[in-house]
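Read the figures in this text as sums done on the coordinates, not as results from a lab. Since the structure is predicted, the reported quantities are computational estimates derived from the model, not experimental observations. Neighbour counts run over all protein chains shown; Cβ positions are idealised from the backbone, glycine included.
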Amino acid sequence: MDLAKLQLLKDHEKSCLIFQGDVLIYSANFIGVKPLLQFMETLNGVHPPKDLILVDKVIGKAALLLAVYLGIREIYTPVTSEAALEAATFHQVNLYSETRVPYILNRTQDGLCPLEQSVVKTMDPKEALLNIKAAIKILMAKKPSS
């Protein structure tokens, strides 16, 4: 595993980095899958560039399937879930992690992350994207307004 790539998260003080080869083309400091969804928006429907490499703080199955949707085939992370590893094998993604956890917890740390829950029954990246967007819509509707 290329530990230097993980050090880049600390060096850039970011939660997510996307490289095309050795060139950093996107960085974000959001939690969850938001950086990947935001990167999709920056593409404006244009097919993603080839040879993308993702470096992210946490990779669960939801993030893994979004990465596959973007054509990413190489991922580095400090923490990944067992479901993400299974999906990586299924989609022939090289997933390098320091630590494996049984599953990704929700923000209150008392159960499965709702976005992970939304992709439990699928390995299809397009279906995962739709499920994730639907789950986010439900979560945002539950948020108290300020």
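Legend: P(r) of segment 1-50 from all alpha carbon pair distances, 5 Å bins from 0, whole percents, reading 4, 19, 27, 25, 17, 6, 1. Its residues counted as N, segment 60-107 yields a C-alpha radius of gyration over 2.2 N^0.38 Å of 1.02. Modelled label positions at Thr122 and Leu43, each set 7 Å beyond Cα in the direction of Cβ, lie 1.6 nm from each other.
Taking other C-beta atoms within 10 Å as the exposure proxy, His91, His47, His12 rank His47, His12, His91 from fewest upward. List the residues of segment 93-125 whose backbone N lies under 15 Å from a point placed 7 Å from the Cα of Gln7 along the Cα-to-Cβ direction. Under cut-off, by backbone N: nothing. Placing dummy labels 7 Å off each Cα toward the beta-carbon, the span from Lys50 to Asp110 is 5.0 nm. Charged neighbours of Asp51, selected by a Cβ distance under 12 Å, balance to 0 (K, R count +1; D, E count -1). For trypsin sites (Lys or Arg not before Pro), the sites in segment 35-69 that DSSP calls loop and that have at most 10 other Cβ atoms within 10 Å are Lys50. For the chain, relative contact order (Cα pairs under 8 Å, six or more residues apart, normalised by length) works out to 18 percent. How would you classify the chain from its alpha-carbon gyration tensor, with a ≥ b ≥ c the square roots of the eigenvalues: rounded for a/c under 1.5, else prolate if a/b is greater than b/c, otherwise oblate? Since a/c stays below 1.5, the shape of the chain is classed as rounded.
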